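Visitor: Would you mind keeping the following structure in view while I ask a few things?
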2 protein chains.
Amino acid sequence: MEEIGSIVLQTPSGELLQKTADTLRFLSADQVQRANSGHPGMPMGAAEIAAVLLTKLKIDPRDDKWPNRDRFILSGGHASSLLYSMLFLQGFLELEDLKNFRQLGSRTPGHPEYGQTPGVDASTGPLGSGIGMAVGMATAERILADTYNTPKFDVMDHFTYVLAGDGCLMEGISYEAMSLAGHLGLGRLIMIYDANGISIDGGIDTTFTENVGARANAMGWQVIEVDGHDLAAISEAIDQARDDKSRPSFIIARTVIARGSPNKAGKASSHGAPLGVEELAAAKAARNWPAEDFHLPSEVAAYFDVRRGEWLAFRQEWNQVFSQYEKKHHSLCRELRRVLAGELPKQWKNAVAAFGTEKAWSTRAAGGQIINRLGAVIPELIGGSADLTPANLTEIKSGNNPEFVNKGLFQGRNLHFGVREHAMGCFVNGVALHGGFIPFSATFLVFHDYMRSALRLASLMRLRSVFVYTHDSFMVGEDGPTHQPVEHLAALRAIPRLHVWRPADANETIYAWQAALERRDGPSAICLSRQELPVLDRTRLAQARETLKGMYILEPEKEGQAEILIIASGADIHLALAAAVALRERGLSVRTASAPCLEAFKLQAEGYRKKLLPRRLRKRLVIEAGIVQGWEGILGDSGIFIGLEDFGHSGKPAAVAEKLGFTTAAILERIDCSGW
Amino acid sequence: MEEIGSIVLQTPSGELLQKTADTLRFLSADQVQRANSGHPGMPMGAAEIAAVLLTKLKIDPRDDKWPNRDRFILSGGHASSLLYSMLFLQGFLELEDLKNFRQLGSRTPGHPEYGQTPGVDASTGPLGSGIGMAVGMATAERILADTYNTPKFDVMDHFTYVLAGDGCLMEGISYEAMSLAGHLGLGRLIMIYDANGISIDGGIDTTFTENVGARANAMGWQVIEVDGHDLAAISEAIDQARDDKSRPSFIIARTVIARGSPNKAGKASSHGAPLGVEELAAAKAARNWPAEDFHLPSEVAAYFDVRRGEWLAFRQEWNQVFSQYEKKHHSLCRELRRVLAGELPKQWKNAVAAFGTEKAWSTRAAGGQIINRLGAVIPELIGGSADLTPANLTEIKSGNNPEFVNKGLFQGRNLHFGVREHAMGCFVNGVALHGGFIPFSATFLVFHDYMRSALRLASLMRLRSVFVYTHDSFMVGEDGPTHQPVEHLAALRAIPRLHVWRPADANETIYAWQAALERRDGPSAICLSRQELPVLDRTRLAQARETLKGMYILEPEKEGQAEILIIASGADIHLALAAAVALRERGLSVRTASAPCLEAFKLQAEGYRKKLLPRRLRKRLVIEAGIVQGWEGILGDSGIFIGLEDFGHSGKPAAVAEKLGFTTAAILERIDCSGW
């Protein structure tokens, strides 16, 4: 019996629960068999875990966006058929959906896709990433709870469950995320490890022999080990996990992959290919299961009819609590509603005044100022750095909650991610998925390499994650090639749906942040300079708000029709303006455009784009401290690119710039040799 | 006293050793101060560790490529000044080099750069990666030892040392690599953890509170904890580590960052900025050290004069052993010399016969055939997959040593990397750095995201690492967007010096492998199809060896001057040929080019490149199952690109292809709408 407030949920008998497990087992295997594609092993092995989870999870089967629902992340996303079977019993999916498993356009794609299937809390497939997202979600829950709950009202108190396999736990991201979760003492985070001992290459004894329990224990987790087919033991383990509110829990559930399959259980061959018609029939027979496809026993159907009613009742109770909360704590509740809806506070844009030209700013320092100004009025802006806080300058010291989040101290907004870029990226995505926040991360641009999969997932899921990257060029200087981005702007721009900002000065940085915050359908990367840059004089040049267009004419030609168009991004705009002066001294008519975001530019109306890149203006000079990839379309057949083709060098920034041809003199020479 | 064969090395007195430590301490701090840039904290804190290491390391100060030297990887590459101080005492660097620390063109760049500084065994800076490379090196040593040592001759028996800090150990790569090393039981791998408890953001108690010793223990390492300033204790710990040949050893050396600095010791402020002239003077005074810059006590100088003599004597002894070995085991020794020189065996190219057209091959299956044929004649070709062996098809079942490497079983050539892509990439680089092998890795193309930093390091270090990536397009099908590469070919091509191959059929795959093996100055990525592809009929089309040129005319125009040039890579060439047929039916003259490697093409003579991309032939149609980035320069102002702009879809491969416009009909429609 499971109590939730005053609502009493029925615990099914062991027999019924086992029938539920077998329902999940064979619904999953049937999906894979029907599609003739997919992974039956884990779903069949983890069916008992899933059945118990269905008795524990608190959800609203009519509202998969209910903010206080328990989150469930299937980190081993290849077991998607199991998740879909669960969602079917929960009421989110129809039997028809299961029959369309892995078909184009279905709600049951090969791996769980956030936004494509109701009830799916995260896209998973890249192994281990789900654990990182779960850590972010569990932290988000705690910050919301500590910020919005009151002594009488716990409006936020859900659990975050994650089901992971051997593959997930071999990935570095899993260690990073678990180490962080243990440090933060995320008591409402419960990971169930489907320990079937099998991965694609065979038994994990060939490569993964660490003591996983001892490892989790070393990281500060409660470790519980059970037979993953013992329904009562799994249930008790989850209860024990929920009881310990000071530590995350790691339940090692020893399972047999493809349990029920007479000839493939316990074998790697069951991992990623359908059982085959005969073997599936044999499995059903062995477990006294009707041979028919997609069989749903009437008692299981009846139980979930009741269960859905209980879920709804629970949601209604929460609604009642919430309306009382709303009456007692009106403004707090209004704020909570706002942040959960992802809406920015009114007049937030007024928080940041324009930067004057009297002082030079690195864009990272400007960025730090901006998030502090924004942070004062946008409490839901939270984030941190992968141990580069004093370099990224991303600490928010403003607002009501300027502390660093730590164990038992969740009223903060800053996070020490440690040197864990990948976990940081997944964490930020988990926070964005959870809702209630606009999360950001920060590290050096070159180290986005360590978290690239998280950027891709943010883009795929269309999350409002903001990724700050400072030290955005060889102007890093002395730290040398390992720290100097070369291919990184191109590599970021390559990711579909990601908006990549590289502001030219402090004021462009304001608008880059504004665009990132206003964007509701995808993530943004904001790439900032280490070195100081003059603040562009907007009395003489175009207005800074033009930044939002992604590319704009910063300085039009002075007289006559423009003969040369110079385009640059970020810090390189200052070299562009200097080159323009030198070219004008040669009597040429030069136009200079700033290109802080090529993706935003591509979204402008065709007329605007053509105006910026007129067909007749073929002498185009692009300057960017990176590779040409991504610029060639703009350069066209006659353009000149001032950039890099190889790695950088360790040396004083100015010396490196000189060596790489980032001087006005070198640019003029390039033009002289070009045949323009 | 340290015995090496019959040579007896002198152990310095405690006083002299402490003086050596202080020499390292202040030479390092002086470098940083002189450069006014760098990281004095770790060098000053780890000076005692480094001093003891200098008494343990077995090197040849006149030959930093001696194959049996102990390897030393400074994983925390920001402590480069400490490494340079060590290399100065070893005799690889001059005092003048230390004075030019971090200056453009010096031998002492900001982070250790392999190839730029004698005695540097790996480029480090991206944290944790050094650990992964060390694991690869230590494995390479064992495989060579088990393959080439004989009962009387241990020609290969060195140790691999790695010095890592808190930052390294927070990174996911460190866990992956340590888990693998523990599994393999790499007894000659010794990691010293400079546990100073400080990272850039402050004390690690803010974020990194796991029990690091328990973690290493859980992974199968011997764990030893010492005071990192106690010279005798460090020495004993290293001896204990060397004595345990069945497990890697993890020495936790508790240190004080910036030890010796009166006001900055133990503080994060010492991590990444010079101490300042006054503080450095105060530090020297506090340790009774002369105030002069770059002071080298005469007794330390004298000791290392003797030490270098001992090192040379040891090398000479090894040389003698090696010549006896050569006499007794002539052919084995010749083989060892060959593999250490990185030279391929004679006639190796004959091992692979051309594939006939009677059978369709996925290029991954062809790749599997090819490495098996090559593996039969190239014993130094070793590698494996990140738990996708049956999908990547990279197991070598041929040759004398077709086993999987495992603990105590190092005579193999296949590796089970586990689901550890990043460690795999670093491991492969470590093997390449070690010498004696041509290593390869394998995973799905989309998961190169997890190991991108390793690709960059391989390129930066110009290693002959081969990265196999199968499942190279949306033709993955049902697994859906998380498994379908979109931006990945572009992202790979973005990395300077990396050659990215995407062969069109089985025979192009032969030449892709040939190019990768013959390339001595950088890594190659080989991207292969999941789906079967016809073998192109070379009686009718251009010869497959043209592949080596990176781009070649596969099928010239049939009659008249070519009006349309179609270029495609990999599997998409087959669609290109079909489109050409359809266009010819419209009476157009079409030329089709295969572009398996744009980087190899860029290295061709200008005349060849112009011939392939004639200025007059502006109607260029490029087909590639990826983004346009990287192709725009070839497309020019009039080209049409058939590719992707967004993520893929889960569905049957043919259905996904249809949806994404990868059909002849869709291509014709695109042309019709183009205004060509």
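The values are calculated or read from the model by the stated rules, or taken from the named source; none is laboratory data. Because the structure is predicted, anything quoted here is derived from the model rather than measured. Every residue, glycine among them, receives a Cβ derived from its backbone with ideal geometry; neighbour counts consider all protein chains shown. SASA here: full protein model, heavy atoms, side chains in, ligands and nucleic acids out. Shrake-Rupley method; radii C 1.70, N 1.55, O 1.52, S 1.80 Å.
Visitor: Could you please find all residues in the stretch A:247-276 being closer than 23 Å to A:Gly132 by Cα and open to solvent by 50 Å² or more (accessible area, probe 1.4 Å)?
Guide: Residues satisfying the conditions are A:Arg247, A:Arg254.
Visitor: May I ask you to say which residue of B:Ser37, B:Ser75 is surrounded by fewer than 24 Cβ atoms within 10 Å (Cβ to Cβ) and either touching a His at 6+ places or on another chain (Cβ under 9 Å) or within 13 Å of chain A (Cβ to nearest Cβ) (or both)?
Guide: Numbers: B:Ser75 fails: surrounded by fewer than 24 Cβ atoms within 10 Å (Cβ to Cβ).
Just one listed residue meets the conditions, B:Ser37.
Visitor: For the stretch B:644-655, what are the residues that are under 35 Å from the mean Cα position of the chain (by Cα), within 21 Å of A:Gly77 (Cα to Cα) and open to solvent by less than 20 Å² (accessible area, probe 1.4 Å)?
Guide: Across the stretch B:644-655, the qualifying residues are B:Phe647, B:Gly648, B:Ser650.
Visitor: Tell me whether the stretch B:239-246 contains one or more residues that are at pLDDT 95 or above, crowded, with 23+ Cβ neighbours inside 10 Å and either part of a helix (DSSP H, G or I) or among the acidic types (Asp, Glu) (or both).
Guide: So in the stretch B:239-246, the residues at pLDDT 95 or above come out as B:239-246.
Then drop every residue that is not crowded, with 23+ Cβ neighbours inside 10 Å, which leaves B:241.
Subset that is either part of a helix (DSSP H, G or I) or among the acidic types (Asp, Glu) (or both): B:241.
Looking through the stretch B:239-246, at least one residue is at pLDDT 95 or above, crowded, with 23+ Cβ neighbours inside 10 Å and either part of a helix (DSSP H, G or I) or among the acidic types (Asp, Glu) (or both).
Visitor: Right, another one. Would you mind stating whether A:Phe641 is in a loop (DSSP other than H, G, I, E, B), at pLDDT 95 or above and either open to solvent by 40 Å² or more (accessible area, probe 1.4 Å) or not assigned by TED's automatic domain parsing to the domain that holds A:Tyr511 (or both)? Don't jump to the end; show me each part of the working.
Guide: Working: in a loop (DSSP other than H, G, I, E, B): no; at pLDDT 95 or above: yes; either open to solvent by 40 Å² or more (accessible area, probe 1.4 Å) or not assigned by TED's automatic domain parsing to the domain that holds A:Tyr511 (or both): yes.
It is false that A:Phe641 is in a loop (DSSP other than H, G, I, E, B), at pLDDT 95 or above and either open to solvent by 40 Å² or more (accessible area, probe 1.4 Å) or not assigned by TED's automatic domain parsing to the domain that holds A:Tyr511 (or both).
Visitor: Need at least 3 residues that are more than 21 Å from B:Ile204 (Cα to Cα) and more than 14 Å from chain A (Cβ to nearest Cβ) per element, so show me which helices (runs of 4 or more DSSP H) inside the stretch B:129-184 make the cut, counting only ones lying wholly within it.
Guide: Because the criterion is at least 3 residues that are more than 21 Å from B:Ile204 (Cα to Cα) and more than 14 Å from chain A (Cβ to nearest Cβ), the helices (runs of 4 or more DSSP H) in the stretch B:129-184 that meet it are B:129-148.
Visitor: Can you tell me which residue in the stretch B:656-667 is farthest from the other protein chains (Cβ to nearest Cβ), limited to those that are in contact with a helix residue (DSSP H, G or I) (Cβ under 7 Å, 6 or more places away or on another chain) and open to solvent by 30 Å² or more (accessible area, probe 1.4 Å)?
Guide: Among residues in the stretch B:656-667 that are in contact with a helix residue (DSSP H, G or I) (Cβ under 7 Å, 6 or more places away or on another chain) and open to solvent by 30 Å² or more (accessible area, probe 1.4 Å), the one farthest from the other protein chains (Cβ to nearest Cβ) is B:Thr664.
Visitor: Mind checking which residues of the stretch A:543-564 are buried (at least 18 other Cβ atoms within 10 Å of the Cβ), among the small types (Gly, Ala, Ser) and either assigned by TED's automatic domain parsing to the domain that holds A:Gly383 or free of Cβ contacts under 8 Å to residues at least 60 places away in the same chain (or both)?
Guide: Selection gives A:Gly550, A:Ala562.
Visitor: For the stretch B:368-412, give me each residue that is part of a loop (DSSP other than H, G, I, E, B), in contact (Cβ under 8 Å) with a residue 60 or more places away in the chain and under 17 Å from B:Phe427 (Cα atoms).
Guide: B:Ala386, B:Leu388, B:Thr394, B:Val405, B:Lys407, B:Phe410, B:Gly412
Visitor: Looking at the stretch A:197-212 only, could you name the residues that are assigned to a helix (DSSP H, G or I) and at the interface with another protein chain (Cβ under 8 Å from one of its Cβ atoms)?
Guide: Scanning the stretch A:197-212 gives A:Ile204, A:Thr206, A:Val212.
Visitor: Which one is farthest from the chain's Cα centre (by Cα), of the residues in the stretch B:65-113 that are among the polar types (S, T, N, Q) and in a loop (DSSP other than H, G, I, E, B)? Before the answer, list the steps.
Guide: We begin by selecting, within the stretch B:65-113, every residue among the polar types (S, T, N, Q); these are B:68, B:75, B:80-81, B:85, B:90, B:100, B:103, B:106, B:108.
Adding the requirement that they be in a loop (DSSP other than H, G, I, E, B) leaves B:68, B:75, B:100, B:103, B:106, B:108.
Values: B:Asn68: 20, B:Ser75: 14, B:Asn100: 28, B:Gln103: 26, B:Ser106: 24, B:Thr108: 21 Å.
So, considering only residues that are among the polar types (S, T, N, Q) and in a loop (DSSP other than H, G, I, E, B), the one farthest from the chain's Cα centre (by Cα) is B:Asn100.
Visitor: Here are some conditions: (1) open to solvent by 10 Å² or more (accessible area, probe 1.4 Å); (2) within 14 Å of chain B (Cβ to nearest Cβ). A:Glu624 meets all but one. Which one does it not meet?
Guide: Answer for A:Glu624: the failing condition is (1).
Visitor: Considering only the stretch B:221-236, I want to know if a residue exists there that is at pLDDT below 95 and open to solvent by less than 20 Å² (accessible area, probe 1.4 Å). Can you show your working first?
Guide: First pass over the stretch B:221-236, keeping only residues at pLDDT below 95: none.
So far as the stretch B:221-236 goes, no, none of its residues is at pLDDT below 95 and open to solvent by less than 20 Å² (accessible area, probe 1.4 Å).
Visitor: Enumerate the pairs (first residue in the stretch A:474-495 and at the interface with another protein chain (Cβ under 7 Å from one of its Cβ atoms); second residue anywhere and small (Gly, Ala, Ser) and part of a helix (DSSP H, G or I)) with beta-carbon separation below 6 Å, excluding pairs fewer than 6 apart on the same chain, so at least 6 apart or on different chains.
Guide: A:Glu487/B:Ala494; A:Ala490/B:Ala494; A:Ala491/B:Ala491; A:Ala491/B:Ala494; A:Ala494/B:Ala490; A:Ala494/B:Ala491; A:Ile495/A:Ser459
Visitor: Right, something else. If you take the residues in the stretch B:106-156 that are of a type in the set (Val, Ile, Thr) and open to solvent by 10 Å² or more (accessible area, probe 1.4 Å), which one is nearest to A:Pro653 (Cα to Cα)?
Guide: So the residue we want is B:Thr147.
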